[in-house]
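Below is one structure, written out as structure tokens; comments come after it.
Here, each number is a calculation from the coordinates, and none is a lab measurement. Predicted, not measured: the structure shown is a model, and the values here were computed from it. Virtual Cβ from ideal backbone geometry, glycine too; neighbours counted across all protein chains shown.
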Amino acid sequence: MDSSRVAVIFYSLGTLDLLGAFESKTTAAERESWRKWLWEQQTHGIYGTGFKPGPYMTPEGQSSESSEYDAPHLIMTYTALLSLAILRDDFSQLDRAGILAFLRACQNDDGSFSALPRGGESDLRTAYCAFVISSLLDDWSGMNVDSAITYIRSCISYEGGFGQAPFGEALGGTTYCALAALCLTPSTPSSPRESRLTPAERTRTIRWLSQNQTPSGGFRGRTNKAADACYCFWCGAALNILGAGDLVDRNALATFMSQCQFKFGGIAKAPSERADPYHTYLSLAALALLPPSDADSSWDLPKLDPLWNASEATASWARAHIPAH
């Protein structure tokens with residue numbers, strides 16, 4: 001997992017954040033060491049500034065500024081910023097101008113974003129990360145917004161959801177990424193926020209998302225697939241963004257989640273599977289956003305910001321400390 005280490009850290013820290021256990025389960029010394037390690041992954045170079053997945057790419061004694069193989073990564077930059085917000089960092093070390101330059105280096109001619117300045121994944125997941133980073137900075141000068149919105153709209157599927165890329169099969173995760181990105185972006189003269197989805201597109205997307213909740217209570221990510229705990233967030237949060245969260249059977253969702261708990265801790269993708277940080281965090285995020293109505297207080301979780309995918313307390317800290325002003 002070295003190539004995704006910062007993302008795994010985000011899911012782990014985010015889980016503690018949503019459980020309200022961050023202060024009680026970690027020490028001040030641990031939190032300081034984690035902040036220090038994350039800042040060591042901020043890399044500066046010819047493509048701007050961002051965060052890399054970890055230290056494994058840079059040989060000892062070599063400056064990351066001169067390395068083609070140590071460029072910042074878009075998804076790791078998104079998860080590093082939110083991790084530092086969970087750790088309540090003051091962001092005094094953040095190179096904001098460098099991050100904007102990095103975003104510009106990642107945007108492609110068709111409006112999409114690559115994970116790395118010279119390639120890597122290029123789909124709605126990386127586009128979403130670019131949108132969240134711009135929103136965290138409260139500065140949209142690092143991208144061509146109209147071109148990015150055009151790319152997102154090109155991924156709409158006939159089913160009603162959004163594919164990972166144009167002409168792709170509708171997926172729950174990338175549908176969330178598309179809808180959240182379209183809501184995060186301020187209106188432009190050529191793209192008012194309220195016109196980015198037509199009424200017919202919105203209705204079709206709501207229908208497709210709501211039909212993805214299976215009789216088990218969980219959500220599937222693609223038509224005719226099995227339910228998966230992570231899609232309870234991706235599809236449930238997408239419905240919430242569209243103002244249709246009331247269509248989710250929340251009690252059935254909670255029942256499915258309880259069945260996905262692993263006997264040694266954590267939450268798995270499905271009953272009888274092994275737990276991992278990714279599915280544990282997203283399961284809790286789904287429950288924080290769509291809590292069951294008939295559960296006791298042990299199910300209470302902090303409120304979630306559905307667009308940034310972070311607790312409201314962490315989102316509030318980020319909003320106060322990350323923008324340049």
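Here are some notes:
- Label sites at Arg202 and Thr214, each approximated as a point 7 angstrom past Cα along Cα to Cβ, lie 3.1 nm apart.
- Of the trypsin sites (Lys or Arg not before Pro) in segment 119-223, those whose Cβ has at most 10 other Cβ within 10 Å and which sit in DSSP loop: none
- For the chain, the Kirkwood hydrodynamic radius comes to 20.1 Å, computed from all pairs of different C-alpha atoms.
- Near Arg35: Cβ cut-off under 12 Å, other residues only, Lys/Arg at +1 and Asp/Glu at -1. The net charge is -2.
- Separation of segment 100-124 from segment 268-302 is 32 Å, based on Cα centroids.
- Simple point charges give the picture: +1 on the Cβ of Lys and Arg, -1 on the Cβ of Asp and Glu, and for segment 107-200 a dipole about the Cα centre of about 80 debye.
- Values of log10 I(q)/I(0), in the order q = 0.19, 0.20, 0.21 Å⁻¹, for segment 212-294 under a Debye, Cα-only, solvent-free model: -0.71, -0.78, -0.86
- Reachable lysines, given that their alpha-carbon falls under 29 Å from the alpha-carbon of Lys303 and they are not under 8 places away in the same chain: Lys25, Lys36, Lys263, Lys269
- Spin-label model, Asn251/Ala270: points 7 Å from Cα along the beta carbon direction are separated by 2.6 nm.
- Expressed as a whole percent, the proportion of Cα-Cα pairs in segment 107-200 lying more than 17 Å apart is 45%.
- Top of Asp70, Asp146, Asp110 by mean-square fluctuation, Gaussian network on the chain, Cα under 10 Å: Asp110
- Approximate shape of segment 120-270 as ellipsoid semi-axes (Cα gyration tensor, √5λ), whole Å, largest first: 28, 17, 14
- Rounded to the nearest 20 debye, the dipole size of segment 212-294 about its Cα centre is 240 debye, using +1 on the Cβ of Lys and Arg and -1 on the Cβ of Asp and Glu.
- Ordering Trp37, Trp308 from the fewest to the most neighbouring beta carbons within 10 Å gives Trp37, Trp308.
- Rounded to the nearest 20 debye, the dipole size of the chain about its Cα centre is 560 debye, using +1 on the Cβ of Lys and Arg and -1 on the Cβ of Asp and Glu.
- Between Gln42, Gln107, Gln211, the residue with the greatest mean-square fluctuation in the GNM of the chain (Cα pairs under 10 Å linked by springs) is Gln211.
- Gaussian network model of the chain, Cα within-10 Å springs - most flexible of Gly45, Gly265, Gly160: Gly265
- Label-point separation, Cys183 to Asn108 (7 Å along Cα→Cβ), nm: 2.7 nm
- Filtered chymotrypsin sites (Phe, Trp or Tyr not before Pro), segment 114-205: DSSP coil and at most 12 other beta carbons within 10 Å: Tyr158, Phe167
- Neighbour counts of other Cβ atoms within 10 Å put Glu169, Glu159 in the fewest-to-most order Glu169, Glu159.
- Residues of type aspartates and glutamates that Lys225 reaches as a straight line, Cα spacing below 12 Å, ignoring anything fewer than 8 places off in the same chain: none
- Across the alpha-carbon atoms of segment 21-170, the computed radius of gyration and Dmax are 16.7, 52 angstrom.
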